[in-house]
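Student: Quick one: the structure is below, questions incoming.
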Amino acid sequence: MAKKVSRSGAGNVVSMLFLIIVACFMVLPMVYAVGNSFKPMDELFKFPPTLLPQRWVTTNYTDLFVLMGNSWVPFSRYFFNTLLITSVGTFGQIVFCSLCAYPLSLYNFPGRKFISGAIVTALMFNGTVLWLPLFMIKAKLGMIDTYWAIIVPTFGSSMGMYLMQQFMSQIPKSLIEAARIDGAGSFKIFWSIVLPQVKSAWLTLMIFSVQGLWNLGASVFIQSESLKTLPYALTQIVSTGIARQGVSNAVTVILMVVPIAMFIFSQSNIIETMATSGMKD
């Protein structure tokens with residue numbers, strides 16, 4: 001007989017109030033950033049600062065578009081570079097991390113525990129400390145000043161492999177064995193059974209990948225101006241000093257739009273698949 005869960009109205013109210021307070025703290029920085037992007041210059045340095053502008057202006061955005069139009073490299077080129085790197089890097093990361101996690105989580109083979117341990121160990125390293133060895137490796141491979149200098153390293157994301165492996169390890173072995181008895185090959189099992197079961201994992205990985213690649217300046221590995229990314233170009237525009245503080249706030253909002261939109265687009269699927277995942281034998 002199933003155990004009946006007792007809930008009190010007061011407990012629900014307290015839980016709801018707590019969630020509302022936490023949500024407000026999480027939304028507050030975004031509201032403050034958007035408000036700053038519409039403030040005139042005199043309000044940006046007002047103390048104490050205000051959450052929303054007292055006088056709404058669009059000068060920061062119009063000034064930004066004027067500066068973008070005066071760039072000697074078309075701004076559409078920076079946008080294309082960022083879009084290409086983000087799209088290819090995210091797709092490759094999902095594919096490669098899923099393919100690597102598939103045998104590590106569902107098959108036994110020599111060296112499996114060592115590889116899994118190496119992935120967990122790699123999670124402890126900050127990405128900044130790896131820039132020098134990465135630069136040397138990319139230089140030896142002739143990848144410096146190309147799109148591949150940014151795209152290829154994202155394929156081997158240790159966080160992505162660990163995330164996919166943990167979700168795939170929850171898939172019942174009986175489900176895999178039943179598919180194999182029915183004549184399905186390894187790739188058929190991977191594509192038709194495993195990937196749909198870990199939909200929440202690769203959607204989450206997609207959000208993190210898009211967020212990381214979209215905001216990546218990558219000026220260390222790419223020197224050609226025509227290959228540089230949108231965050232780099234926008235950062236250069238606002239790096240001339242305090243006079244462009246308003247434009248800097250507009251840049252912050254523009255860079256926030258794509259990751260937030262990606263999360264809003266995917267969150268319903270993530271919540272739904274997380275609620276139905278985790279089957280066990």
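The values are calculated or read from the model by the stated rules, or taken from the named source; none is laboratory data. Since the model is a prediction, treat every value here as computed from it, not as a measurement. With ideal geometry, Cβ positions are generated from the backbone for all residues, glycine too; neighbour counts draw on all protein chains shown. For the accessible areas, the whole protein counts, side chains as well, though only heavy atoms, and no ligand, DNA or RNA atoms are used. Shrake-Rupley method; radii C 1.70, N 1.55, O 1.52, S 1.80 Å.
Student: For residue 39, which of the numbered conditions (1) closer than 20 Å to residue 254 by Cβ; (2) of a type in the set (Lys, Arg); (3) loosely packed, with under 15 Cβ neighbours inside 10 Å fails to hold?
Tutor: For residue 39, the exception is condition (3).
Student: Given the conditions (1) open to solvent by 70 Å² or more (accessible area, probe 1.4 Å); (2) under 26 Å from residue 233 (Cβ atoms), report the number of the one that residue 49 does not fulfil.
Tutor: The failed condition is (2).
Student: Okay, moving on. Can you say whether residue 17 is out of contact with any helix residue (DSSP H, G or I) (no Cβ under 7 Å at 6 or more places or on another chain), open to solvent by 80 Å² or more (accessible area, probe 1.4 Å) and within 27 Å of residue 250 (Cα to Cα), as far as the supplied structure shows? Even if it seems obvious, please write down each step before you answer.
Tutor: Details: out of contact with any helix residue (DSSP H, G or I) (no Cβ under 7 Å at 6 or more places or on another chain): yes; open to solvent by 80 Å² or more (accessible area, probe 1.4 Å): yes; within 27 Å of residue 250 (Cα to Cα): no.
Here the answer is no, as residue 17 does not meet what is asked.
Student: When you look at residue 102, is it open to solvent by less than 80 Å² (accessible area, probe 1.4 Å) and under 30 Å from residue 174 (Cβ atoms), yes or no?
Tutor: Working: open to solvent by less than 80 Å² (accessible area, probe 1.4 Å): yes; under 30 Å from residue 174 (Cβ atoms): yes.
Yes.
Student: Run down 79, 96 and say which single residue is in contact (Cβ under 8 Å) with a residue 40 or more places away in the chain and farther than 25 Å from residue 194 by Cα. Walk me through it before giving the result.
Tutor: Values: 96 fails: farther than 25 Å from residue 194 by Cα.
After ruling out the rest, the residue left standing is 79.
Student: Go through 151, 189 for me and flag whichever is open to solvent by less than 60 Å² (accessible area, probe 1.4 Å), of a type in the set (Val, Ile, Thr) and out of contact with any Phe, Trp or Tyr (no Cβ under 9 Å at 6 or more places or on another chain). So that I can check it myself, show each step before the final result.
Tutor: On the way: 189 fails: out of contact with any Phe, Trp or Tyr (no Cβ under 9 Å at 6 or more places or on another chain).
The conditions single out 151.
Student: Being under 18 Å from the mean Cα position of the chain (by Cα), free of Cβ contacts under 8 Å to residues at least 60 places away in the same chain and closer than 24 Å to residue 218 by Cβ narrows it down to one of 130, 123, so name that one. Full working, then the answer.
Tutor: Details: 130 fails: under 18 Å from the mean Cα position of the chain (by Cα).
Just one listed residue meets the conditions, 123.
Student: Next question. Going by the conditions given, is residue 188 at pLDDT 85 or above and among the basic types (Lys, Arg)? It would help to see each step written out before you state the result.
Tutor: Details: at pLDDT 85 or above: yes; among the basic types (Lys, Arg): yes.
Yes.
Conditions (1) among the aliphatic types (A, V, I, L, M); (2) at pLDDT 80 or above; (3) in a loop (DSSP other than H, G, I, E, B); (4) within 22 Å of residue 217 (Cα to Cα), marked per residue:
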| position | (1), (2), (3), (4) |
| --- | --- |
| 33 | yes, yes, no, yes |
| 55 | no, yes, yes, no |
| 68 | yes, no, no, yes |
| 71 | no, no, yes, yes |
| 78 | no, yes, no, yes |
| 82 | no, yes, no, yes |
| 87 | no, yes, no, yes |
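Student: Still on this structure: Which of the following residues is open to solvent by 40 Å² or more (accessible area, probe 1.4 Å) and more than 30 Å from residue 229 (Cα to Cα): 133, 110, 172? Show your work before the answer.
Tutor: Working: 133 fails: more than 30 Å from residue 229 (Cα to Cα); 172 fails: open to solvent by 40 Å² or more (accessible area, probe 1.4 Å).
Answer to the selection: 110.
Student: So which helices (runs of 4 or more DSSP H) are wholly in the range 136-208 and hold at least 1 residues that are of a type in the set (Val, Ile, Thr), in contact with a helix residue (DSSP H, G or I) (Cβ under 9 Å, 6 or more places away or on another chain) and in contact (Cβ under 8 Å) with a residue 24 or more places away in the chain?
Tutor: Numbers: elements: 148-155, 158-168, 173-181, 186-189.
Those helices (runs of 4 or more DSSP H) span 148-155, 173-181.
Student: If you take the residues of the range 211-241 that are among the β-branched types (Val, Ile, Thr) and open to solvent by less than 10 Å² (accessible area, probe 1.4 Å), which of them is farthest from residue 262 (Cα to Cα)? Walk me through it before giving the result.
Tutor: Keep residues of the range 211-241 that are among the β-branched types (Val, Ile, Thr), which gives 220, 222, 229, 235, 237-238, 240.
If we keep only those that are open to solvent by less than 10 Å² (accessible area, probe 1.4 Å) as well, we get 222, 229.
On the way: 222: 26, 229: 19 Å.
The selected residue is 222.
Student: Also, I was wondering about something else. In the range 133-177, which residues are within 20 Å of the chain's Cα centre (by Cα) and among the aromatic types (Phe, Trp, Tyr)?
Tutor: Of the residues in the range 133-177, the ones within 20 Å of the chain's Cα centre (by Cα) are 147-167.
Listed by number, the residues that qualify are 147, 148, 155, 162, 167.
Student: Residues of the range 111-135 being at pLDDT 85 or above, of a type in the set (Gly, Ala, Ser), part of a helix (DSSP H, G or I) and out of contact with any helix residue (DSSP H, G or I) (no Cβ under 8 Å at 6 or more places or on another chain), which ones?
Tutor: Once the filter is applied, which keeps residues that are at pLDDT 85 or above, of a type in the set (Gly, Ala, Ser), part of a helix (DSSP H, G or I) and out of contact with any helix residue (DSSP H, G or I) (no Cβ under 8 Å at 6 or more places or on another chain), the range 111-135 yields 117, 118.
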